[in-house]
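Working notes, beginning with the structure itself.
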Amino acid sequence: MDRGSLLSKERIVVKIGSSLLTEGGSGRLRWDWLRDLVIDVIELKKAGCDVLLVSSGAVALGQGHLGIRRSVLKLEEKQASAAVGQILLANAYTEVFGSHHLTVAQLLLTLGDTEGRRQYLNARNTMETLLHLGAIPLINENDTVATQEIRFGDNDRLAARVAEMANADLLILLSDIDGLYTNDPRLGTNSEHIPLVNEISAEIESMAGPSRSNIGSGGMKTKVEAAKIATAAGCSVIIASGRSGRILSELENSNIRCTWFAAQQSPVAARKRWIGNNLRSGGTLVLDRGAHKALLAGKSLLPAGVLRAVGHFDRGDAVALVSESGEKVGAGICAYSSADIERIRGHKTSEIGSILGYVGREEVVHRKDLVLQNELIGTSHVER
Ligand code: GLU
């Protein structure tokens, strides 16, 4: 099976389960394990991959620190533990990455942040900016504020939403399980390991039983659900055991046992679909002839080619692109608000800073954020 080199991926989300980061429920951090993992993350970064970490462990660390011994906690006890543990968690990553002169950035998200349009774009832009600045996003659920109804509840699904949001091409779910089996290998015999899943059928879903581990909340079921979200967004998924802190290099260099879920489309196709589905009605950029031609030739849209902005929209919104004669050219994510476009339209990119008082993106719509009209057909243009 060729799942491709990890190093060939552009953007990887690694999800780290509580049972790996902490010593079997004691709430003690496994420092050596973390140091090993960080070595491999740095190798990926050196090879040019963007890496985002989704790490559990706040509840387990906080629980240990507070001396709560029970294995089943009430929601408010979990939240209190997370409030204590999240500081310990972030400090641990900061210390270990810091010893390699790398910066960690904490992002705490709730379900709404990955589903509501406004928050989604804010979270996404923050992640992009952090990656651009060379920081390593360290993401967890905002456990202290999330009530039962607005919780992800498990970091597998959170990691899948992050992968979707960040347009990652690989999500690696690390826990104490080395992949999917036909039935739970710990419960009975005759269970067969599944190395490759091309499509998450009902049969595959039925192989994933409920949660087993009492440290952390995800079981195989949430991992398969996460794989469903991510693969639909153009991101391949690996479920692997992270017992060894060097698991990332082991995945790269040896034929270590894991389950690989193939992406259902490319991240580019998924992104184009996303733009089509999030097109803001009423938000339009009118382009001059030169810009229209440039876009058809695969170039980005620069402020000089914009004649005007129609409607009200914010930075990060998906807007329609039309020619001067009203012909639909496509759609794209606009890096400036309609108010700012009105000020920079027709100007050279080098003038953006002096006009707006801040230096934004060079492109009004980057070609990666652009869908031409013929590619838009098939997406449903639903306003969220
Ligand atoms: N957000 C929780 C924590 O940091 C973990 C949820 C999970 O393990 O899936 O402890």
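The values are calculated or read from the model by the stated rules, or taken from the named source; none is laboratory data. Because the structure is a prediction, the values reported are computed rather than measured. As a convention, Cβ positions derive from the backbone with ideal geometry for all residues, glycine included, and neighbour counts pool all protein chains shown. Quick note on the areas: whole protein, heavy atoms, side chains included, nothing else; ligands and nucleic acids left out. Shrake-Rupley method; radii C 1.70, N 1.55, O 1.52, S 1.80 Å.
Once neighbouring chains are kept in place and the probe is 1.4 Å, which whole percent of the accessible area of the chain is contributed by carbon and sulfur? Kindly include the intermediate steps, with their values, before the conclusion.
Details: 8620 of 17240 Å².
Carbon and sulfur together cover 50 percent of it.
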Worksheet entry | Radius of gyration, Dmax [the stretch 337-377; alpha carbons; angstrom] | 12.5, 39
Worksheet item: To the nearest 20 debye, what charge dipole does the chain have about its Cα centre, counting +1 at the Cβ of each Lys and Arg and -1 at the Cβ of each Asp and Glu?
Response: 380 debye
Discussion item. Counting just the Cα atoms, what span does the chain cover along each of its three principal axes? Round to the nearest Å and put the largest first.
Written reply: 68, 42, 40
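For the stretch 241-334, with only Lys/Arg (+1) and Asp/Glu (-1) charged at the beta-carbon, what is the dipole magnitude about the Cα centre, in debye rounded to 20? Spell out each step's value before the answer.
Working: 13 positive and 7 negative charges, 36 e Å.
The calculated dipole for the stretch 241-334 is roughly 180 debye.
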Response to the item:
For the stretch 314-326, in residue order, the Karplus 3J(HN,Hα) values (coefficients 6.51, -1.76, 1.60; θ = phi - 60°; whole Hz; Gly and Pro = x) are 9, 4, x, 7, 8, 10, 7, 10, 10, 7, 4, 7, x
Discussion item. How large is the convex hull of the C-alpha atoms of the stretch 234-384 per residue, in Å³?
Written reply: 163 Å³
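Using only alpha carbon pairs under 8 Å that are at least six residues apart, calculate the relative contact order of the stretch 1-137 and give it in whole percent. Working shown, then result.
Working: 167 pairs, mean separation 30.1, N = 137.
Result for the stretch 1-137 is 22 percent.
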Discussion item. Treating only the Cβ of Lys, Arg, Asp and Glu as charged (+1, +1, -1, -1), what charge dipole size does the stretch 51-176 show about its Cα centre? Round to the nearest 20 debye.
Written reply: 220 debye
Worksheet item: Dipole of the stretch 1-122 (Lys/Arg Cβ +1, Asp/Glu Cβ -1, origin at the Cα centre): which of THR94, SER71, GLY4 lies farthest to the positive side?
Response: SER71
Worksheet entry | Range in the chain, longest, excluding exposed GluC sites (Glu not before Pro) [loop by DSSP; at most 15 other beta-carbon atoms within 10 Å] | 24-191
Practice prompt. Give the Debye-formula value of log10 I(q)/I(0) at each listed q (0.15, 0.22, 0.23, 0.29 Å⁻¹), with one equal scatterer per alpha carbon of the stretch 307-352, two decimals each.
Written response: -0.38, -0.81, -0.88, -1.18
Worksheet item: Using modelled backbone amide H atoms (1.01 Å from N, in-plane), which distant-in-sequence or interchain residues come within less than 5 Å of GLY330's amide H?
Response: LEU321, GLN373
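Can you tell me the equivalent ellipsoid semi-axes for the stretch 23-103? Use √(5λ) from the Cα gyration tensor, largest first, whole Å.
Details: eigenvalues 156, 28, 22 Å².
They are 28, 12, 10 Å, listed largest first.
Please compute the net charge surrounding ASP156, taking Lys and Arg as +1 and Asp and Glu as -1 over other residues with Cβ under 12 Å from its Cβ.
Values: positive: LYS15, ARG157, ARG161, LYS221, LYS223, LYS228; negative: GLU141, ASP154, GLU225.
Local net charge: +3.
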Worksheet item: Taking amide hydrogens as modeled 1.01 Å from N in the peptide plane, which residues meet the under 5 Å criterion relative to LEU307, leaving out close sequence neighbours?
Response: VAL286, LEU287, ASP288
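Ratio of alpha-carbon Rg to the 2.2 N^0.38 Å globular estimate for the stretch 271-345, to two decimals, please. If you can, show how the numbers build up before the last one.
Values: Rg = 11.1 Å, N = 75, 2.2 N^0.38 = 11.3 Å.
The stretch 271-345 yields a ratio of 0.98.
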Practice prompt. Express in Å², to the nearest 10, the accessible area of HIS312 obtained by rolling a 1.4 Å probe over the protein heavy atoms while all chains stay in place.
Written response: 130 Å²
Worksheet entry | Å² of accessible area per residue within the chain, as computed with a 1.4 Å probe and no ligands counted | 45 Å²
